[in-house]
Amino acid sequence: MIQATTNRALTNRASTKPQIITPAETLVVLPALNEADHIETCIRSLMQPQSWMAGCRVVVADGGSTDGTQEIVQNIAQEFPNVVLVDNPQRLQSAGVNTAVARCSEPSHKILVRCDVHAIYPAGYVQTLVDELHLLGAASVVTAMDATGHAGFQKAAAWIVDTRLGSGGSAHRGGRKAQFVDHGHHAAFDLGWFRHVGGYDPTISHNEDAEYDLRLARAGGTIWLTDRTRIKYLMRPTLRGLWQQYWNYGKGRANTLTKHRIVPRLRQILPIANTLLLAASLVTILVTPLALIWPALYATVLIATSLVAATSLRSAEGLWAGPALGVIHLAWALGFMQRVIEGFGVIRRQRLLAG
């Protein structure tokens, strides 16, 4: 059924002439917080071709940066007058996008394009998304991501995150197939649909995109993963940064599953099960040497990952891939479990107060 629908969409896309969508109908939003190292590169990549992008409104929703991000944006705005800086007092990305839509959208705006500062965009990115959204009549268009890194740990982390071991087989992680999906890296939204489902949940700090996609699908909206453009996503440069990122991802996913009372998928269950088995092994290691079996197997996987990465990258930098994979698995699982435990605690306190 899904494949048949995808095939029809591809046929319609190939046979339909792109509608003429003016830049004035497009609102581009970048939520940001302390992104001085990335914000200028990101905006400059987005502004190509300038002949089309000059007519778009590009809004940076800043959550109170203290590293010079705001000053950089203000300087860029002198070169690109369509770039606007607004305050996001709630600081979260989800709230920033909502704030930008509420404060900066005009009646002429029909499409919202969300961009992330840690990404590098190909020329014509926004215009391609606008055409794709109209051709297919989807409620949302998402894009594939190619992780990238400059050197060392960052490069190895980029290699592993786009594999099935690192991403669990998510269609938008390095994928190249155009299809309808239930979730992907957020790109373009039909503003009517965005407002219809209430925008992002502004209380969610991470995983707000998947939570939005869930509500959108339940409301009858479709999500298209395009193959006409893709982005490069810059990985965190340190183990600590990657750990914090995936810890937050795990907590965010738990928030979504708890809010909507849905069961985790297999690719989400596996890292949790692995973490629990490792913890159980540590507890029972003094009782039986058999407790070493699972940690040894997992260590073998991480070592093999490092060796394969080093071979594929033709560099010793690839040896960081194993540690990066371990961080991705463990940080995500521990963040998820922490949030679930906190949620049970809140429910228990509410019941005690009610009783």
Restricting the first residue to the stretch 67-86 and requiring it to be in contact (Cβ under 8 Å) with a residue 40 or more places away in the chain, which pairs with a second residue that is part of a helix (DSSP H, G or I) and surrounded by 15 or more Cβ atoms within 10 Å (Cβ to Cβ) meet a Cβ separation below 6 Å and a spacing of at least six or different chains?
V83/I76; V83/A77
Could you please find all residues in the stretch 134-176 being of a type in the set (V, I, T) and either at pLDDT below 90 or in a strand (DSSP E or B) (or both)?
V141, V142, T143, T148
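Confirm whether L319 is in contact (Cβ under 8 Å) with a residue 12 or more places away in the chain, in contact with a Ser or Thr (Cβ under 7 Å, 6 or more places away or on another chain) and of a type in the set (A, V, I, L, M). It would help to see each step written out before you state the result.
Working: in contact (Cβ under 8 Å) with a residue 12 or more places away in the chain: yes; in contact with a Ser or Thr (Cβ under 7 Å, 6 or more places away or on another chain): yes; of a type in the set (A, V, I, L, M): yes.
Spelling it out, L319 is indeed in contact (Cβ under 8 Å) with a residue 12 or more places away in the chain, in contact with a Ser or Thr (Cβ under 7 Å, 6 or more places away or on another chain) and of a type in the set (A, V, I, L, M).
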State whether the residues of the stretch 240-255 include one that is assigned to a loop (DSSP other than H, G, I, E, B) and either of a type in the set (F, W, Y) or on the phi > 0 side of the Ramachandran plot (or both).
no
Residues of the stretch 107-129 being more than 24 Å from E40 (Cβ to Cβ) and in contact (Cβ under 8 Å) with a residue 60 or more places away in the chain, in sequence order, are S108, H109, K110, I111
Members of the stretch 281-322 that are over 27 Å from T238 (Cα atoms) and in contact with a Phe, Trp or Tyr (Cβ under 8 Å, 6 or more places away or on another chain)
S281
Failed item in (1) surrounded by fewer than 17 Cβ atoms within 10 Å (Cβ to Cβ); (2) more than 19 Å from N98 (Cα to Cα), with G64 passing the rest
(2)
Whether any residue in the stretch 216-231 is assigned to a helix (DSSP H, G or I) and in contact with a helix residue (DSSP H, G or I) (Cβ under 8 Å, 6 or more places away or on another chain) is what I want to check.
yes
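The values are calculated or read from the model by the stated rules, or taken from the named source; none is laboratory data. The shown structure was predicted, so the numbers you read here are calculated from the model rather than taken from an experiment. Cβ sites come from the backbone with ideal geometry, for glycine too, and all protein chains shown count toward neighbours.
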